[in-house]
1. Out of segment 305-318, which residues are surrounded by fewer than 20 Cβ atoms within 10 Å (Cβ to Cβ) and either touching a Gly at 6+ places or on another chain (Cβ under 9 Å) or outside any loop (DSSP other than H, G, I, E, B) (or both)?
2. Can you tell me which residue within segment 190-238, out of those that are over 15 Å from residue 132 (Cβ atoms), among the aliphatic types (A, V, I, L, M) and outside the structural domain of residue 253 (by TED's automatic domain parsing), is surrounded by the fewest Cβ atoms within 10 Å (Cβ to Cβ)?
3. Out of everything in segment 182-208 that is assigned to a strand (DSSP E or B) and under 17 Å from residue 158 (Cβ atoms), what residue ends up being farthest from the chain's Cα centre (by Cα)?
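The values are calculated or read from the model by the stated rules, or taken from the named source; none is laboratory data. Computed from a prediction, not measured in an experiment: that's the story for all the values here. Ideal geometry is used to build each Cβ from the backbone, glycine not excepted, and the neighbour counts take in all protein chains shown.
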Amino acid sequence: MKRLISLTIALILIIAAAAPAFAETYAYVKTPTKDGTVYVRKVAGAGQPILGVANNGDALIILKKGNTWHRVRVIRTGVEGYMYGAYIHFISSGSSSSSSSSSSSSGGQEASGYYNPTYYTTDPSVVDTDTVINKYVTVQSSDGYANLRWGPSTSWGIICKEYNGEKLWALDQNGSWYRVVDNAGRVGYVSSKLTKLGSTVSNSSGRTGVIRSSDGYASVRSGPGTSYGQLYTLSVGQSITAYTSNGDWLRVTLPDIWSDAYVYRTLIRFYSKARTTGNVNMRSGPSTSYSRITVLSNGTNVHLLATDGSFCRVDTGYSTGYVSKKYLSY
């Protein structure tokens with residue numbers, strides 16, 4: 001009996017020692033078609049016993065990396081087994097190319113066709129297809145309030161109510177919805193039909209953004225208007241910090257440049273970037289009662305899309321979901 005207890009303790013210690021390495025490698029299933037599936041097998045190799053099936057887009061934890069086959073856990077179902085590497089896309093180990101390019105090297109394919117990743121849609125606030133606003137909007141609704149939502153449609157859940165007369169900072173516009181910051185610092189989406197656009201740019205003191213422009217650059221002027229001389233130009237994507245405003249112009253600062261400088265309000269996009277401060281579950285909804293989509297490892301960079309008091313909706317570049325606010329730094 002003592003020997004059995006000793007062996008059990010030794011096994012637990014071995015598993016515990018190995019756990020941190022496992023927890024750092026995540027992936028998702030990448031099949032050739034949007035509704036494709038792939039087998040999870042008992043041992044590595046085509047034709048081996050099947051333990052389960054994973055769907056295109058399913059999140060995976062990599063338990064053991066091999067050459068052409070990897071031992072995985074499918075987060076959605078909990079099934080553990082071996083999956084062919086050609087249908088695994090790594091998202092945090094940075095080593096997807098060697099295993100994903102070996103589709104012809106091991107005894108038959110598990111699927112065929114062309115990959116079409118329609119299971120993941122980037123939030124419109126992350127890409128440069130919307131309209132930058134950077135103005136205050138005032139809530140003006142016949143109901144006396146406007147719902148602040150997690151996303152840009154009525155199908156998204158409600159974060160809170162914003163009442164008539166409240167001023168919100170409209171960051172950008174997605175169709176008929178503004179993505180806004182309210183007075184409590186919450187970020188979310190409100191219908192533009194329930195607000196009135198103000199005449200002055202927001203107070204964006206201390207906020208950092210990036211230059212965006214269809215021309216590929218933004219003119220930086222000595223005063224708040226096109227009648228002022230151009231000091232220099234900034235390229236799209238260049239980082240810049242705003243610290244006050246004047247009309248439709250943001251006063252900005254750059255390292256080693258001390259003169260007054262102004263950029264038109266629609267030429268700066270204020271991204272809300274965040275970083276995880278520990279390994280954290282990303283869930284399908286804003287509470288721990290929702291299912292886990294995947295685990296984000298410590299130090300993962302995300303785009304912050306919407307927030308409430310305890311959860312944030314984020315976009316990782318591979319998926320969107322909800323993360324506990326206490327595990328994010330922004």
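1. Answer for segment 305-318, where residues must be surrounded by fewer than 20 Cβ atoms within 10 Å (Cβ to Cβ) and either touching a Gly at 6+ places or on another chain (Cβ under 9 Å) or outside any loop (DSSP other than H, G, I, E, B) (or both): just 315.
2. Checking each candidate, the answer is 194.
3. 195
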